[in-house]
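Written below as structure tokens is the structure these notes are about.
The values are calculated or read from the model by the stated rules, or taken from the named source; none is laboratory data. These figures come from a predicted structure and were not determined experimentally. Note that we place each Cβ from the backbone using ideal geometry, even for glycine, and neighbour counts take in every protein chain shown. Remember, those area values only see protein heavy atoms, side chains included, never the ligands or the DNA or RNA. Shrake-Rupley method; radii C 1.70, N 1.55, O 1.52, S 1.80 Å.
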Amino acid sequence: MRLRHCSLQLSLLATAFFTVSAQAQEAVSDGNWSASSTWSGGAVPKAGAIVTLGEGRDVVLDVSPPALNGLTIDGKLSFADNKDLELSSEWIVVRGELAIGTEAKPYTHKATITLTDNVPDENINGMGDRGIMLQGGTLNLHGDRTNAWTKLSKTAEAGSNSIEVLNAAQWKVGDEIVLASTDFDPRQAERRTIAAISGNKITLDKKLDYMHFGKITFGVDERGEVGLLSRNIKVQASADAAQSFFGGHIMALATSRMYVEGVELNRMGQNMHLARYPIHWHLVGDAQGQYIKNASIHDTYNRCVTVHGTNFVHVENNVTYNIVGHCFFLEDGIEHGNEFVH
């Protein structure tokens, strides 16, 4: 195992152990990522670079850069909202701020962060590998979807290629959805892609294999849930994680802040590795005002949302599917004031 069981007082660790790239690049002024004037030596970071945005630097990601071997944000990195963008890195350390959209103005294009593992067995500041690691920093991720899941408005029969739901607002052609099982067998959950949509009637890309119940019987609401898996902001591990079960992770230490909404987490969590979860508040203490909501967390290898030694987090209206382990995890059992809603 890459991480042995320990007390995990990670906020006290300060030494990074990683393979040094052939190129280290530092931002020396505010500006766009694509501008040579932003970077030391006038050279925009190339593939394999380990990049540092120094304290006080404010850089806007206006292009999709080549894959990096690491990124440290001591200042601020924000995504421009005028095109679809992708950022790929072995790891990202945030002591300043990483921002995609704002709470007042959610991101409207597609933004994808992919965590790779081409340099295995790194241990960045005691926080492991292949992660977005917050050491007193701020993560602001604000996607544009708020309708995370709904229910069937009528029973969907096996063999049908369409369903009717209570509320399909914001859902689009090409989105991926999942129908929860309404049988005793949880494996009757089914993923489909929306081929067409008209009001609350959804045409599927292929027929259903199973019946999904959609009625209220004797006053009991037994209508099957339908979850939206697609989001315009995605944080994921690269495809190799599907074989290794060593996905990405997001981890916040003391004094860090996470505000995450309308985001898709895919191939996240590191199987059989302690403290490596899709999203993880670790010994933050008072996290009043922090949240994850309207998110999609699917195809994970180690839980979904972990709240450890952290209080007053708001977890609301999220869809989770095809996960390993406890999905919502209060680690010590002494956490208080946390809200798990809808």
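When the chain is treated as a Gaussian network with alpha carbon springs shorter than 10 Å, the biggest mean-square fluctuation among H314, H282, H298 belongs to H314.
Multiplying each eigenvalue of the alpha-carbon gyration tensor of the stretch 124-257 by 5 and taking the square root yields semi-axes of 35, 17, 16 Å, largest first, rounded to whole angstroms.
When both bridge partners sit in the chain, DSSP labels roughly 25% of those beta bridges antiparallel.
Remark: the stretch 143-152, residue by residue, has Karplus-estimated 3J(HN,Hα) of x, 9, 10, 10, 8, 7, 7, 9, 10, 5 Hz, where x stands for each Gly or Pro and the curve is 6.51 cos²θ - 1.76 cosθ + 1.60 at θ = phi - 60°. For the stretch 122-164, the spread of Cα coordinates along the three principal axes comes to 52, 23, 12 Å, biggest extent given first. Over 24 Å apart at the Cα level, from the set K151/K293; K151/K206; K76/K234; K172/K206; K83/K151; K154/K206, are K83/K151. Note on the chain: Cα convex hull, mean projected area over all directions, 18.0 nm².
Prolate is the label for the stretch 43-193, because the ratio a/c of its alpha-carbon gyration tensor axes (a ≥ b ≥ c) is 1.5 or higher and a/b is greater than b/c.
Taking amide hydrogens as placed 1.01 Å from N in the peptide plane, the amide H of N232 sits under 5 Å from those of D144, R145, each at least 5 positions away in sequence or on another chain.
At full extension, N123 and D84 could sit 11.0 nm farther apart than now, given 0.36 nm per residue minus the alpha carbon distance.
Can you list residues whose amide H is under 5 Å from E90's amide H, if they're 5+ apart or on another chain and H is modeled 1.01 Å from N? Hits under the 5 Å cutoff: L68, N69, G70, T116. What the chain shows is 43 Å² of accessible area per residue, with the surface traced by a 1.4 Å probe over protein heavy atoms. Across the stretch 318-331, computed HN-Hα scalar couplings (Karplus, 6.51 cos²θ - 1.76 cosθ + 1.60, θ = phi - 60°) run 9, 10, 10, 7, 6, 10, 10, x, 4, 6, 10, 10, 9, 6 Hz from first to last residue, x flagging Gly and Pro. Modelling each spin label as a point 7 Å along the Cα-to-Cβ direction, I'd like the V28/A104 distance in nm, to one decimal. Between V28 and A104, the simple spin-label model gives 3.5 nm.
So if the hydrodynamic radius of the stretch 253-342 is defined as the Kirkwood radius over C-alpha pairs, what does Stokes-Einstein give as its diffusion coefficient at 10 °C and 1.306 mPa s, in µm² per second? If you can, show how the numbers build up before the last one.
On the way: Rh = 12.8 Å.
Using the Kirkwood radius from Cα pairs, D works out to 124 µm²/s.
If only the Cβ of Lys and Arg carry +1 and only the Cβ of Asp and Glu carry -1, the dipole of the chain around its Cα centre is close to 480 debye. For K105, a cut-off of 16 angstrom between C-alpha atoms picks up these aspartates and glutamates, skipping any fewer than 8 places away in its own chain: D81, D144, E261.
Applying 1/(1 + (r/R0)^6) with R0 = 22 Å to the Cβ-Cβ distance of D240 and E55 gives a FRET efficiency near 0.05. Residues in the stretch 228-238 carry Karplus couplings, in order, of 8, 8, 7, 9, 7, 10, 10, 10, 8, 8, 5 Hz; the curve used is 6.51 cos²θ - 1.76 cosθ + 1.60 with θ = phi - 60°, and Gly or Pro positions show x. The portion of the accessible surface of the chain made up by carbon and sulfur, rounded to a whole percent, is 51 (1.4 Å probe; DNA, RNA and ligands excluded).
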